[in-house]
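Visitor: Starting off with a structure, shown below.
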Amino acid sequence: MTIEVNAKYVPVVELTTCDGNAFGVLGMVNRELRNLGAPKEYRDQFQAEATSGDYDNLIRTVMRYCEVE
């Protein structure tokens, strides 16, 4: 089942604080989604999409789920 991006759970993230580290980016977005009260199913969907490809896919997925500064 695919979950659509929910405008209620759109964290603002600053990617430059992770030094481009993929694990740092994933952790930061997951933490921010959790802080916004996003359900586990929604966070799991993000994680699955973000890790289903290469680094470029990760960044595209983050940009879909988040407001990036």
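The values are calculated or read from the model by the stated rules, or taken from the named source; none is laboratory data. Not measured: the values here are computed from a predicted model. Glycine also receives a Cβ, built like all others from the backbone with ideal geometry; neighbour counts cover every protein chain displayed. Just so you know, the surface numbers come from the protein's heavy atoms only, side chains and all, with ligands and any DNA or RNA stripped out. Shrake-Rupley method; radii C 1.70, N 1.55, O 1.52, S 1.80 Å.
Visitor: Collect the residues in the range 14-25 that are open to solvent by less than 50 Å² (accessible area, probe 1.4 Å) and out of contact with any helix residue (DSSP H, G or I) (no Cβ under 6 Å at 6 or more places or on another chain), keeping them in residue-number order.
Guide: Residues satisfying the conditions are 15, 20.
Visitor: A further question follows. I'd like the full set of residues that are small (Gly, Ala, Ser) and in a loop (DSSP other than H, G, I, E, B), limited to the range 1-30.
Guide: Within the range 1-30, 20 is the sole residue that qualifies.
Visitor: Right, something else. Can you pull out the residues in the range 1-13 that are hydrophobic (A, V, I, L, M, F, W, C), within 13 Å of residue 62 (Cβ to Cβ) and open to solvent by less than 50 Å² (accessible area, probe 1.4 Å)? Don't jump to the end; show me each part of the working.
Guide: Of all residues in the range 1-13, those hydrophobic (A, V, I, L, M, F, W, C) come to 1, 3, 5, 7, 10, 12-13.
Subsequent filtering for residues that are within 13 Å of residue 62 (Cβ to Cβ) retains 5, 10, 12-13.
Selection gives 5, 13.
Visitor: Go through the range 57-69 and count every residue that is open to solvent by 40 Å² or more (accessible area, probe 1.4 Å) and outside any helix (DSSP H, G or I).
Guide: So the answer is 3.
Visitor: Can you tell me which residues in the range 31-56 are open to solvent by 30 Å² or more (accessible area, probe 1.4 Å), without any contact (Cβ under 8 Å) to a residue 24 or more places away in the chain and either more than 20 Å from residue 6 (Cβ to Cβ) or assigned to a helix (DSSP H, G or I) (or both)?
Guide: Of the range 31-56, the ones open to solvent by 30 Å² or more (accessible area, probe 1.4 Å) are 31-32, 34-37, 39-41, 43-45, 47-49, 51-56.
When the remaining residues are screened for being without any contact (Cβ under 8 Å) to a residue 24 or more places away in the chain, the result is 31, 34, 39-40, 43-44, 47-49, 52-54, 56.
Correct list: 31, 34, 40, 43, 44, 47, 48, 49, 53, 54, 56.
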